[in-house]
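Some notes on the structure that comes next.
Readers should treat all values here as calculations from the given coordinates under stated rules, not as data from a laboratory. This is a predicted model, so every value here is computed, not measured. Here the Cβ positions follow ideal geometry from the backbone for every residue, glycine too, while neighbour counts run over all protein chains shown.
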Amino acid sequence: MIILEASKGIKQSTGINFKVLSDVLSILIQGNHRKKIEMTVKVQKSRQPGVSYCEADDNNNFKICLDQTTRQTRKFIFGSILHELRHCCQLNIWNYWANTCKFKTYEDYFNSKEERDARKIEKLTRQVIKLYDLHVDFHKQYAKIGLNKLG
């Protein structure tokens, strides 16, 4: 299960229900890798303006720092989360973690296999947003109908 733990500031600035997003991403990523994935990812604001990044504590615990200074559209936020989460998957699933210090230029970094791989998942941003919205609507409808209690 992928657990996204967002800071209070990220929850307020994005308006995303991270429990629902965790459920959606767990279903998608675990289902497509046909493997149980255990990750806890703390999501917080980046202290470096204009930069989103992730850090690994170990193979199962990560920290994603989201840029809060540029284009705060839903597509940008979800895309950034997906991109950084893919880096987490690179370590968790394939035991591969990029050493960004090894790159001499930004072009080398941009064209590296780990960055190209992480950018691929961004192509699914619109579909993830749609699934997230459907999941949120489902939860609201479920509660409205009264299926979360007997009677």
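Here are a few things to note about the model shown:
- Here residue 120 and residue 8 are evaluated by their C-beta separation; at R0 = 22 Å the FRET efficiency comes out at 0.10.
- With R₀ set to 41 Å, the beta-carbon distance separating residue 40 from residue 105 gives a calculated FRET efficiency near 0.75.
- Remark: for residue pairs 36/130; 36/149; 19/123; 36/123, the C-alpha separation exceeds 28 Å in 36/149.
- Every helix of 4 or more DSSP H residues in the chain counts as -39500 (n - 2.57), and over all residues that averages to -16500 deg cm²/dmol at 222 nm.
- Sequence-distant lysines (8 or more away, or on other chains) whose Cα lies within less than 20 Å of residue 104: 113
- Folded to 0 to 90 degrees: helix 125-145 orientation relative to the chain principal axis, Cα: 20 degrees
- For the chain: relative contact order, % (alpha-carbon pairs under 8 angstrom, 6 or more apart): 20 percent
- For the chain, the longest principal axis of the Cα atoms and the long axis of helix 74-94 meet at an angle of about 70 degrees.
- Cross-link partners of residue 75 among aspartates and glutamates (Cα-Cα below 17 Å; sequence separation of 8 or more within a chain): 67, 84, 122, 133
- DSSP loop trypsin sites (Lys or Arg not before Pro) with at most 14 other Cβ within 10 Å: longest gap in the chain: 105-148
- Vicinal HN-Hα couplings computed from phi for the stretch 105-114 (Karplus, 6.51 cos²θ - 1.76 cosθ + 1.60; Hz; Gly/Pro x): 10, 5, 4, 4, 4, 4, 8, 5, 5, 5
- Over the stretch 2-145, the Kirkwood radius and the radius of gyration, each from Cα atoms, give a ratio Rg/Rh of 0.97.
- Nearest-ten-degree value, helix 18-33 long axis tilted from longest Cα axis of the chain: 70 degrees
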